[in-house]
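A.B. asks: Pasting a structure here, questions to come.
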Amino acid sequence: MGEVGEGTNSSAEHAKTRERRNQRIDWDEYWMNIAKDVAKRSTCLRRQIGAVIVKDNVIISTGYNGAPRGFPHCLDVGCRRDKLNIKSGERHEECIGVHAEQNALIQAGREAAGATLYVNSYPCKICAKLIINAGIRRVVMSGEYSDREGLEFLRKAGIELTFLD
């Protein structure tokens, strides 16, 4: 037989439990942290972007920016856009890379419909069009991007936008 009070929590233990609950991050912050970790796989010399598509609090897919499969990475051969002095947000067609959002959408397929996309940047206008047609219902972003036209596309499509940071 145990002593009196064994197996019961003291008020100090309850206070610690409450404090831990108050420090627990919310879902948006959780998923964005994962997107930021995914970005660490990027092979782009300019920007490290990660994306996570989540549905019903389950990861459907992830993506990061980099060269298409089988192509040499910019980390290895240099950045074409840098060589051509192209500013960020301009002349996307000159970049060999596939954007994080694009890679995540490709992996998700039809499962993306109704999901939330987390990305540590603002989607460009090309990605915005893909996000709209994939049926993503919400985009959660952190960071910045020089071209904000993609945000306008998403707003026009009625997609819910959330900005963290």
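A.B. asks: Express in % the proportion of alpha carbon pairs of the chain at distances exceeding 28 Å.
C.D. replies: For the chain, the share of Cα pairs beyond 28 Å comes to 32 percent.
A.B. asks: List the lysines whose alpha-carbon lies under 17 Å from that of residue 129, not counting same-chain residues fewer than 8 positions away?
C.D. replies: 156
A.B. asks: Over 18 Å between Cα atoms, which of 87/125; 40/87; 40/83 qualify?
C.D. replies: 40/87; 40/83
A.B. asks: Once you order the gyration tensor axes a ≥ b ≥ c over the Cα atoms, which shape class does the range 37-78 get: rounded for a/c under 1.5, otherwise prolate or oblate by comparing a/b with b/c?
C.D. replies: Here the range 37-78 falls in the prolate category.
A.B. asks: Which residue, 53, 86, 106, tops the fluctuation ranking in a GNM of the chain built on C-alpha contacts under 10 Å?
C.D. replies: Of 53, 86, 106, the Gaussian network model singles out 86 as fluctuating most.
A.B. asks: When all alpha-carbon pairs of the range 79-165 are counted, what percent fall beyond 18 Å?
C.D. replies: Pairs farther apart than 18 Å: 42 percent.
A.B. asks: Need the full-extension length gain, residue 75 to residue 144, defined as separation in residues times 0.36 nm minus the C-alpha distance. One decimal, nm.
C.D. replies: 22.6 nm
A.B. asks: Could you work out the relative contact order of the range 34-83? I mean the mean sequence separation of Cα pairs under 8 Å and 6+ apart, divided by the number of residues, in percent.
C.D. replies: 33 percent
A.B. asks: For the chain, which whole-number percentage of the solvent-accessible area (1.4 Å probe, protein heavy atoms only) is attributable to carbon and sulfur atoms?
C.D. replies: Carbon and sulfur: 48 percent of the exposed surface of the chain.
The values are calculated or read from the model by the stated rules, or taken from the named source; none is laboratory data. Just so it is clear, the model here is predicted, and its values are computed rather than measured. Side chains are part of the model used for accessible areas, which takes the heavy atoms of the whole protein and leaves out ligands, DNA and RNA. Shrake-Rupley method; radii C 1.70, N 1.55, O 1.52, S 1.80 Å.
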